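The values are calculated or read from the model by the stated rules, or taken from the named source; none is laboratory data. None of these values were measured; they are calculated from a predicted model. As a convention, Cβ positions derive from the backbone with ideal geometry for all residues, glycine included, and neighbour counts pool all protein chains shown. With ligands, DNA and RNA removed, areas are computed over all heavy atoms of the protein, side chains included. Shrake-Rupley method; radii C 1.70, N 1.55, O 1.52, S 1.80 Å.
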Amino acid sequence: MDLLYYENFKSCSYFVPTYKRQGSYFDININGLNVEANYESINNGVVKIIRMGNNFKKSYWLHIYTVYKYFKDKCEPIKRIVLETSNGSYEINVSDILLREKWITKELNDLKSTKKVHGPHCKFCKIKNQCHLEFLREGDYSIVPNLSKSMVEDLKNMNLEPLTVIKTNQIEKLDKRFKKPLYNLKSLIENQVYVIDEHSFPQDYIVFDVETYLNKDFLFGFLENETYVPFFLEKNTYKIAAKMVDFLYEKDKVLLHYDKNDLTALKKLSSKYPLLRDKLSKISSKTCDLYEIIRKNYSLPVVSYSLKDISKYFGFNWKTELNGFAVILEYKSYLNGNKNALKNIFKYNEDDCRATKLVLESLKTI
């Protein structure tokens, strides 16, 4: 159990994180619970821990205690632990830790008894697919995209069980509000893609994807055919943004993206750089949101319509274990001097672009 994902484990003790954060990792057994934690450095008995949150969270004490126990068991006494957040630094003495030891060990013991449940934590879990199928086999429809609890109740009030509707091919006979959710269920049950409504895709396009850190859109990645072209807006941002806009303006192709956030980031440049507004207006008028197309017109055998889940279904192999949240952690690591973190972000951004293209081209064949 990786304590960096304490909140996720608190929801479900079966959680297996997809991404391992930076730092020196170690394993320790505390009262029969196998715990994994990390620290950034140790120097003259002072251990440094970094957390992404703005403020000191109560749950951080569990990690602090685990680090303290690790060094104590190694007979390597520590003077204090320094925990850094985005807003400040906190010095914790051993006496501060021991005062909370009873509460901390109780919190850790409570993690042993949590049940397998689904929720927001599933997004970052490696074994979510097999778990979700288990829930589905047990009659839990809440994992099916758009199939709400009220819809299931409405069907039951009509003496209809969702699985029965699927097996007897009655979807088209029901009110249209049931159509997409029930096809989503059918797709999961039969592991097959269903086309709800025909849609035409762009033939000549450039894929793009944006990475963001604390409201700063710092990396715009583009894929034209098989060529990946990134624009890193860290220094000389106007000069680089102008070069990027000229690149797109001259190409004059449809921009393919996955969800509205990427297009929003592109449009934000108009407010920041008025001289680029006219060109950006023309560029933004020729875009295609693949997520919206899929959401409205396709049912796929996935419980999340995230790009990562859909592209994996179509066979895309990701080069990194990053996700949107992990990019924030990696970029902060880069700002702290880790150059490899930035390389990982570039790989992830390129993967996002290539995955988007793979999904579109795969859908064209269905």
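Summary table below
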item: Residue count for segment 134-145, restricted to those that are in contact (Cβ under 8 Å) with a residue 24 or more places away in the chain and open to solvent by 50 Å² or more (accessible area, probe 1.4 Å); result: 1
item: Yes/no for K186 being closer than 30 Å to L263 by Cα and of a type in the set (K, R); result: no
item: Segment 50-67, subset among the charged types (D, E, K, R) and surrounded by fewer than 16 Cβ atoms within 10 Å (Cβ to Cβ), residue nearest to T105 (Cα to Cα); result: K58
item: Flag if K180 is basic (K, R), surrounded by fewer than 23 Cβ atoms within 10 Å (Cβ to Cβ), more than 22 Å from S304 (Cβ to Cβ) and modelled with pLDDT under 95; result: no
item: Any hit, segment 146-161, residues being assigned to a helix (DSSP H, G or I), out of contact with any helix residue (DSSP H, G or I) (no Cβ under 9 Å at 6 or more places or on another chain) and either over 29 Å from Y291 (Cβ atoms) or open to solvent by less than 40 Å² (accessible area, probe 1.4 Å) (or both); result: yes
item: Filter result for the condition that a residue is touching a helix residue (DSSP H, G or I) at 6+ places or on another chain (Cβ under 9 Å) and either under 25 Å from A326 (Cβ atoms) or among the hydroxyl-bearing types (S, T, Y) (or both), over I42, I92, I104; result: I42
item: Count of segment 1-49 residues which are surrounded by 16 or more Cβ atoms within 10 Å (Cβ to Cβ), closer than 21 Å to L335 by Cα and at pLDDT below 85; result: 5
item: Condition met for Y258 (hydroxyl-bearing (S, T, Y), touching a helix residue (DSSP H, G or I) at 6+ places or on another chain (Cβ under 6 Å) and surrounded by 19 or more Cβ atoms within 10 Å (Cβ to Cβ)); result: yes
item: Single condition K186 does not satisfy, out of (1) open to solvent by less than 40 Å² (accessible area, probe 1.4 Å); (2) under 24 Å from the mean Cα position of the chain (by Cα); result: (2)
item: Lone unmet requirement of (1) closer than 19 Å to A355 by Cβ; (2) open to solvent by 40 Å² or more (accessible area, probe 1.4 Å); (3) at pLDDT below 95 for A265; result: (2)
item: Residue list for segment 320-350, restricted to those being of a type in the set (K, R) and modelled with pLDDT under 90; result: K332, K339
item: Residue satisfying all of: in segment 203-231; of a type in the set (D, E) and part of a loop (DSSP other than H, G, I, E, B); surrounded by the most Cβ atoms within 10 Å (Cβ to Cβ) among these; result: D204
item: Filtered residues of segment 162-177 (kept if in a helix (DSSP H, G or I) and loosely packed, with under 14 Cβ neighbours inside 10 Å); result: T164, K167, E172, K173, K176, R177
item: Those residues of segment 207-233 which are modelled with pLDDT of 95 or more, out of contact with any Leu (no Cβ under 6 Å at 6 or more places or on another chain) and within 13 Å of K251 (Cβ to Cβ), in sequence order; result: F222, L223, E224, T227, V229
item: Single residue of K102, K48 found to be closer than 23 Å to N338 by Cα and more than 21 Å from the chain's Cα centre (by Cα); result: K48
item: Qualifying residue in segment 106-113 (condition: closer than 24 Å to S187 by Cα, in a helix (DSSP H, G or I) and either open to solvent by 90 Å² or more (accessible area, probe 1.4 Å) or among the basic types (K, R) (or both)); result: no
